[in-house]
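Please read the structure below before turning to the comments.
Values in this text are rule-based calculations from the coordinates and carry no lab data. These numbers were taken from a predicted model, which means no experiment stands behind them. Using ideal geometry, Cβ is built from the backbone for each residue, glycine included, and neighbour counts are taken over all protein chains shown.
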Amino acid sequence: MALGRVVLVTGVSSDLGGRLACRLAEAPGVERVIGVDVAPCHRHLDGVDFVRADIRNPVIATVVAGQTVDTVVHMSVQAAQGRGGHGRTPTKEHNVIGTMQLLAACQKAPGLERLVVRSSAAGYGSSSRDPARFTEDMAARSVPRSGFGKDVLEVEGYVRGFSRRRPDVTVTTLRPAHLIGSRTESPLSDYFSLPVVPTPFGFDARLQLLHENDLLAAMELATLQGTHGTFNVAGDGIVMLSQALRRLGRPTIALPSLALAGLRSVLGPAGVSGPDRELATYLTFGCGLDTRQMREVLGFVPEHSTASALAEYARSSGPARVSMPRAPQSTSPTAEAGAVSG
Amino acid sequence: MAESGAGAEVIPLGTRGRPGRGTGSSKPSSAARNLAAGSPAKKPARARLPGPNHDAATKDREPDTGIPVDDWLNAVTDAAGEILGANWEPRLAELTGFLRRRVAGEYVVDDYGFDSEVTERLFLAAARPLKEKWFRIEVRGAENIPTEGGALLVSNHSGTIPVDGLMTMVSVHDHTGRHLRPLGADLVFRLPVVGELARRAGATLACHEDAEQMLRGGEVVGVWPEGFKGIGKPYSERYKLQRFGRGGFVSAAMRTGVPIVPCSVVGAEEIYPLIGNLPALARLLGVPYVPITPFFPLLGPLGLIPLPSKWLIEFGSPIRTDTYQSGAADDSMLVFNLTDQVRETIQQTLYSLLTERRSVFH
C-alpha cells in the first residue's frame, strides 16, 4: 500500500461522522477520505471529499467501485435523533435498507479490504434476566422487537451475511454503549436535559456509558488497524441512574415504569417530552458490557471511564442545557428540585 | 447559668423569708469562709450554703426571655453525645459527609450495582438488631468461610420472605468482615423496589455468567438452590430440603475452582408459618405464591412482623472443587453427585441443629 488507503465514510453530515472523517483524513497511511451522506453537509470538512449520495440507492455502488475505495466505514447506523424530530420510519429505513445497499455495493467492489461498522449495544436489549455484563457472544435475553435495538440486530445480521460471502474482507463491528458528550445529540442526552427528569419508580438502572471522543478514537483505531471481529466499546465501570442524575444535579420525578414509557405517546401532544419505550426499558434495567475483547484483541483503551465521561458531560453542558428551554425561569425549578432529588 | 447567678439571692427554706444562717450580704460569714476554703472568693459563698437545706435552695427567676442559647447548645451537645456516643463530633462530621456524598452521587458502585457504603451503613445496620435481639442468632463454624478468595456459600431456603438470606449476609459480614454476594432469581430484579434494593445490597442474577464472574473476582457468593420451592413451602414440610435446582451452582464452583461452604439455617421456617396459598391471585400478580400465614393477611400489616423464633446458623467445612480435572464441570454425573453431597450435608446438619434447639422460641 504505497499510496495509502482510500476510505469511504458514511453519515458525515452528522457531527460524529464529520469529525471521524476529518480525523481519518489526518491519519497517517490514509491517502483520501470520501464522505457520503444523504443530507447536505453544513460545515467544511478538512481534507474530505464530500459526495452527496443516498446509501439507500444503488448509486452508492458506483461511488464505492468508481473511486477504488478499499476501506468502508459505516458510521450512519444511529438512533433517531433530536427531540420529537423525524419519526422512526425514515430512521429505520436509513439504518436497515441503507446498510443493505451499502453492503451490496461493497460485495461488488473487488478492491475492498476492510469494512468497519458502527453498530450498537442496543442490540443486547435490557431486561431483568440480563447478566451483569454482556460479552460479545451473548444474545439478548429479551430480544428488542422494535426501535433501534431491532435495527441493530438486522444490520448485524446483514453484516454477518456479507462477511460470509466476502471472507477476504476484514470486518470489524463495534458495539458502543450509550454515547455521552458535550456535542452528541443522543436519546440519552436528550433525556438528561429534560426540565424535570422522569425516572422509573422502584428501579435503578446500571448505566455504562462511552464518551463521544472515545467512540471516534475506537472507530479510527479499527479503521487503521483492521482487526476482524465484534467488540463492545464502553468506558470502565458503571453508574446508577439515580447517581448519574444526582451528579448532574437534575430534578427528578419517579413514575411507574408503565407511565414512564407512555409519557411521550400520551402527553406528547401537550408538549411533555419523555423517553421513548426503548429508552424507558433501558432506564429501568440498564445494560453492562464486558470490554475485555476491546482491550485485549482490539487493543483499545478508552480515555474516559463512565464516571469521568459523565463528569465531563456535566461540566460542558450542565447549566447551559437546563437553561435552554426557558432561560429566565430555569434557575428556580433546578434549585428546588435539587433538594427534592436529594 | 446557675453558677453565674450573681444577682440571685438565696434564702434557705424554713426561715419565713428572713435570712437564716447566711447573712445575705456580699461578705460571707466566717463559717462559710471556712467551708469554701479551697476556692477563692470568686464565686459568692452564699451559693454554696452548707447544710441539708442546700439542695432545696431556690433562687429568683430571671426575666422571662426564653431558653438561653447556651442551654440549647448544651442540650444539643448532650443529645448528640447520647445518640452518637462519646466521640460524637467526628462521628457527626462523618455522618454529614456521608449524607453529602449520597446527595451529590459521589459514591462508587461495582459492576453489579453493589453499593458497599449504603449496605454497611443502612441495610446491615438495620438488620443487625433483628439478628441479635429478635432472632438471637447463634452462628457456628464461621471459621469455615475463607477469609480471602472466592467461595460459594450454599444454603437452605425457607421463611416465605427471604429473611434468611439477609440474616446470612449479616452473619457473614459480622464474623468475617466480608460481604456475601447473593444470587437471586430474575423475579427479584423484575419487582420494583425489591430489585433495586437487592442490586444495591450486592445481589445479582443467578446465571452462570454472573456467578462465575463473581467467583473469579474473589467474592463470597451465596446461593439458595431450592429457590421459590424452598421459601414457599408449607409449614408442614419445614426443614425438608427441596430439589437443589439443576446443580448449576456446583458446576460454577468447579469451573472456577472455589470451595463450596454448606450453610444450614434453623429458625427461618417458623418466622412466617405458611399455612395456605392463593394460587389464582399469584398467577394474576405474576409471583410464585401469595402466602397465608396465621397472621397474614388477617392482621394486615401487623401480620408482617416475623415471629421471634430462635435461629441457629452453621457453616459446614468447605468442600474443595479445585482437585477435579479441568473438564469435570461438564461431567453431569459428577456434578449431580456433588450436588447431592452438598444437599445431604445441609440436611443432616439441619437435623442435628434441630435436636439441639430446646424449642422454637428458645
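I want to check the label-to-label distance for B:Asp174 and A:Thr68. Put each point 7 Å from Cα in the C-beta direction and report it in nm to one decimal.
7.8 nm
Any aspartates and glutamates with Cα under 13 Å of the A:Lys92 Cα? List them, leaving off those in the same chain fewer than 8 positions away.
A:Lys92 reaches A:Asp151, A:Glu154.
For the stretch A:47-64, take each phi angle, set θ = phi - 60°, evaluate the Karplus expression 6.51 cos²θ - 1.76 cosθ + 1.60, and give the result in whole Hz per residue in order, putting x for glycine and proline.
x, 10, 8, 8, 10, 7, 8, 9, 6, 7, 10, x, 4, 4, 4, 5, 5, 4
What ranking of A:Phe285, B:Phe336 emerges when the number of other C-beta atoms within 10 Å of each C-beta is taken as an exposure proxy, fewest first?
Starting with the residue having the fewest Cβ neighbours, the order is B:Phe336, A:Phe285.
Starting from the 7 Å offset along Cα-to-Cβ, what nm value, one decimal, do you get for the label separation of B:Glu106 and A:Glu31?
That separation, rounded to one decimal, is 5.5 nm.
For peptide B:224-232, how many partner chain Cβ atoms fall within 10 Å of a residue's Cβ, on average?
Working: counts 0, 0, 0, 0, 0, 0, 0, 0, 0.
Counting Cβ atoms of other protein chains within 10 Å of each residue's Cβ and averaging gives 0.
Quick one: check the C-alpha center-to-center distance for the stretch B:107-150 versus the stretch B:71-94, whole angstrom.
27 Å
Normalised by the residues of chain A, what does the relative contact order come to in percent, with Cα pairs under 8 Å and at least six apart? Don't skip to the answer; put the middle values down first.
Values: 680 pairs, mean separation 56.2, N = 342.
Result for chain A is 16 percent.
Report for the protein assembly as shown the percent antiparallel among DSSP-assigned beta bridges with both residues inside it, nearest 5.
Of all bridge pairs located within the protein assembly as shown, approximately 15 percent are antiparallel.
Using mean Cβ contacts within 10 Å as the protection proxy, how do B:252-263, B:314-325 order, highest first?
B:252-263, B:314-325
What ranking, highest mean first, results for peptides B:125-134, B:109-118, B:162-171 when packing means the other Cβ atoms within 10 Å averaged over each residue?
Highest mean packing first, the order is B:162-171, B:109-118, B:125-134.
Note down the nm distance, to one decimal, between modelled labels 7 Å out along Cα→Cβ at B:Phe361 and at B:Glu94.
Going by the 7 Å Cα→Cβ label model, 3.8 nm.
Given R₀ = 45 Å, what would the calculated FRET efficiency be for B:His208 paired with B:Asp70, taking r from the Cβ atoms and rounding to 0.05?
Step by step, r from the Cβ atoms, then E = 0.10.
Please identify the trypsin sites (Lys or Arg not before Pro) of the stretch A:113-154 that satisfy two criteria: DSSP loop assignment and at most 14 other Cβ atoms within 10 Å. Which are they?
Qualifying residues, ordered by number: A:Arg145.
B:Phe228 to B:Leu187: extension gain in nm, 0.36 nm per residue of separation minus the Cα-Cα distance?
Contour length minus the Cα-Cα distance gives 13.7 nm.
Count, for each residue of B:310-322, the Cβ atoms from other chains sitting within 10 Å of its Cβ, then give me the mean as a whole number.
0
May I ask for the net charge around A:Pro28, where only other residues with Cβ less than 15 Å from the Cβ of A:Pro28 are counted and Lys, Arg are +1 while Asp, Glu are -1?
Working: positive: A:Arg5, A:Arg23, A:Arg32; negative: A:Glu26, A:Glu31, A:Glu220.
So the surrounding residues net to 0.
What is the extension gain from B:Leu278 to B:Arg140, computed as 0.36 nm multiplied by their sequence separation minus the C-alpha to C-alpha distance, in nm to one decimal?
Extra length available between B:Leu278 and B:Arg140 comes to 46.0 nm.
Please rank A:Tyr191, B:Tyr289, fewest neighbouring Cβ atoms within 10 Å first, as an exposure proxy.
Ranked by crowding around the Cβ, least crowded first: B:Tyr289, A:Tyr191.
What order do you get for A:Val51, A:Val301 when you list them from fewest to most C-beta neighbours inside 10 Å?
Ordered by Cβ neighbours within 10 Å, fewest first: A:Val301, A:Val51.
Rounded to the nearest 0.05, what FRET efficiency is calculated for A:Asn57 and B:Phe336 with R0 set to 51 Å and r the Cβ-Cβ distance?
Given R0 = 51 Å and the Cβ-Cβ separation, E is 0.30.
List the residues whose amide H sits under 5 Å from the amide H of A:Leu207, counting only those 5 or more places along or on another chain, with H placed 1.01 Å from N in the peptide plane.
Long-range HN contacts for A:Leu207: A:Val239, A:Met240, A:Leu241.
How high is the FRET efficiency between A:Leu267 and A:Lys108 when r is their beta carbon distance and R₀ equals 60 Å, given to the nearest 0.05?
The value I calculate is 0.80.
If you stretched the chain out fully between A:Ala259 and A:Arg43, how much longer would it get, using 0.36 nm times the residue separation minus the C-alpha to C-alpha distance?
73.7 nm
Partner chain Cβ atoms within 10 Å, averaged over the residues of B:102-115 - can you pull that number for me?
6
What share of the DSSP beta bridges in chain A is antiparallel, in percent to the nearest 5?
In chain A, DSSP labels about 5 percent of beta bridges as antiparallel.
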